[in-house]
């Protein structure tokens, strides 16, 4: 890492400014020529600036050999800011970054220890890599019907059963805002000389405030993936791969990421990540402190609404939950007599408010450093109106949540083998006992109910079909209505 890093610099933003000042013009992609050829109706919606700033990263913003090193400098500045040895930027989202991390630690016929509450991108990583998952069961809150991160002891038990696994992976924070004991899990891995990958997509802000949960790099993780667009201020698809230590080959990880990522990265995404890093170094701690105070006040106001409760103590230190992100909150709306899907649809229709998470009884609210009293007033007013309207709304059918025996499925073959095996679609009623050749992921939060290679149970089918009737969305099965399920032809 260079010794003369200047955290007040933003090389991508500065390069874009200079690019415009020099009045450059290109006879290469993108074909819109900085917006010159875009129709007026499109410009009336998108504006001219996105096109004006959409230029090639090399052979445009930089020269054809990238001799100015804008990307390398921006990545070095990010690494310096967050205490990583090395970082890689991605404009293809953390889904790609997670896959690259998994490919870098093993493949073909190895294994990996993974929390079963992992995001669907992990399933794709298993298919691409050929790794055999050794699942670590999450801690289930049977009352709320949500999962909490596994504990270090849970990881140790699976490591003891599968000592030849290449690495471990944990999701923290979870979609519900609860955080794993990363330091403890890292210690379990390092005792065995194996690396820990943390899918910290919801934690890009964590390095910049002591009032937030532990940052994975500081807690001992070897690889950490963050999504700058979630709790940061970057564009969608902005992701950062952070590395530390020598348990993962940095060059090999870069090669894995390079194979997966686009050869046409979006400079807008790079520049926004670059500017966000500078902003956080300069003002992040203060901005986050104000956001936490705003979240605390908003939490109290929402908790005072009849029929809506904000879960806090129920999540903090529940089961293996080690910490809780104070900028995020989970609302229980069950007492209103409707489910979270219905509640979200109602406030979207009547108050033009969108939220990131809804399920059988919850709504998720994320407070950003961009929020203020005006935006949170809108949220509280919408929830107050929802509570007032709820008695007149149709009651929702119940979601048949499976017990542990129904949701912890048997892994029969690797996800890769099942995904590429000869398959057939059978009526859902006949799929119980068969091996899944696809995944089914209620979204959000994006945790698969079953993945390729697992034996499907009657309980999980009933859960998903009752969820669909209640408003759940399943974007990835071949038949999104789950009338049929794609399974391996081979009956085992």
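The values are calculated or read from the model by the stated rules, or taken from the named source; none is laboratory data. Since this is a predicted model, take the numbers as computed values, not measurements. Quick reminder, even Gly has a Cβ in these numbers, built from the backbone with ideal geometry, and neighbours come from all protein chains shown.
Numbers at a glance
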read-out: Residue under evaluation residue 21, criteria (1) over 30 Å from residue 220 (Cα atoms); (2) within 32 Å of the chain's Cα centre (by Cα); (3) surrounded by fewer than 15 Cβ atoms within 10 Å (Cβ to Cβ), criterion not met; value: (2)
read-out: Qualifying positions in the stretch 96-115 - farther than 18 Å from residue 246 by Cα and at pLDDT below 90; value: 107, 108, 109, 110
read-out: Any hit, the stretch 52-71, residues being assigned to a loop (DSSP other than H, G, I, E, B), within 21 Å of residue 420 (Cβ to Cβ), in contact (Cβ under 8 Å) with a residue 60 or more places away in the chain and in the same structural domain as residue 25 (by TED's automatic domain parsing); value: no
read-out: Residue tally, condition out of contact with any strand residue (DSSP E or B) (no Cβ under 9 Å at 6 or more places or on another chain), buried (at least 17 other Cβ atoms within 10 Å of the Cβ) and not in a loop (DSSP other than H, G, I, E, B), over the stretch 439-465; value: 4
read-out: All positions within the stretch 225-237 that are closer than 18 Å to residue 324 by Cα and over 12 Å from the mean Cα position of the chain (by Cα); value: 232
read-out: Test: residue 118 is assigned to a loop (DSSP other than H, G, I, E, B) and touching a residue at least 60 places away in the same chain (Cβ under 8 Å); value: yes
read-out: So residue 348, is it within 26 Å of residue 464 (Cα to Cα) and either in contact with a strand residue (DSSP E or B) (Cβ under 7 Å, 6 or more places away or on another chain) or at pLDDT 95 or above (or both); value: yes
read-out: Evaluation of residue 131 against (1) surrounded by 24 or more Cβ atoms within 10 Å (Cβ to Cβ); (2) in contact with a helix residue (DSSP H, G or I) (Cβ under 6 Å, 6 or more places away or on another chain) (one fails), failing number; value: (2)
read-out: Search result, residues across the stretch 383-424 that are under 30 Å from residue 118 (Cβ atoms) and in a helix (DSSP H, G or I); value: 404, 405, 406, 407, 415, 416, 417, 418, 419, 420
read-out: Any chance residue 303 is in contact with a strand residue (DSSP E or B) (Cβ under 7 Å, 6 or more places away or on another chain) and free of Cβ contacts under 8 Å to residues at least 12 places away in the same chain; value: yes
read-out: Number of the condition not met by residue 5 [criteria: (1) in the same structural domain as residue 244 (by TED's automatic domain parsing); (2) in contact with a helix residue (DSSP H, G or I) (Cβ under 7 Å, 6 or more places away or on another chain)]; value: (1)
read-out: Residue in the stretch 24-38 that is within 30 Å of residue 446 (Cβ to Cβ) and either surrounded by fewer than 13 Cβ atoms within 10 Å (Cβ to Cβ) or under 30 Å from the mean Cα position of the chain (by Cα) (or both) present; value: no
read-out: Residues being closer than 29 Å to residue 203 by Cβ, modelled with pLDDT under 95 and out of contact with any helix residue (DSSP H, G or I) (no Cβ under 6 Å at 6 or more places or on another chain) - total across the stretch 353-400; value: 3
read-out: Test result for residue 473, within 23 Å of residue 175 (Cα to Cα) and assigned to a helix (DSSP H, G or I); value: no
read-out: Count of the stretch 225-275 residues which are under 18 Å from residue 86 (Cα atoms), part of a helix (DSSP H, G or I) and out of contact with any strand residue (DSSP E or B) (no Cβ under 8 Å at 6 or more places or on another chain); value: 6
read-out: Odd one out for residue 101 among (1) surrounded by fewer than 24 Cβ atoms within 10 Å (Cβ to Cβ); (2) part of a helix (DSSP H, G or I); value: (1)
read-out: Residue identified as touching a residue at least 60 places away in the same chain (Cβ under 8 Å) and farther than 17 Å from residue 301 by Cα among 390, 432, 436, 428; value: 390
read-out: Filter result for residue 313 (crowded, with 23+ Cβ neighbours inside 10 Å and modelled with pLDDT under 95); value: no
read-out: Top-ranked residue of the stretch 335-382 - restricted to ones that are in a loop (DSSP other than H, G, I, E, B) and more than 26 Å from the chain's Cα centre (by Cα), ranked as surrounded by the fewest Cβ atoms within 10 Å (Cβ to Cβ); value: 337
read-out: Segments classed as helices (runs of 4 or more DSSP H), wholly inside the stretch 127-224, with at least 1 members that are within 30 Å of residue 421 (Cα to Cα) and in contact (Cβ under 8 Å) with a residue 40 or more places away in the chain; value: 152-161
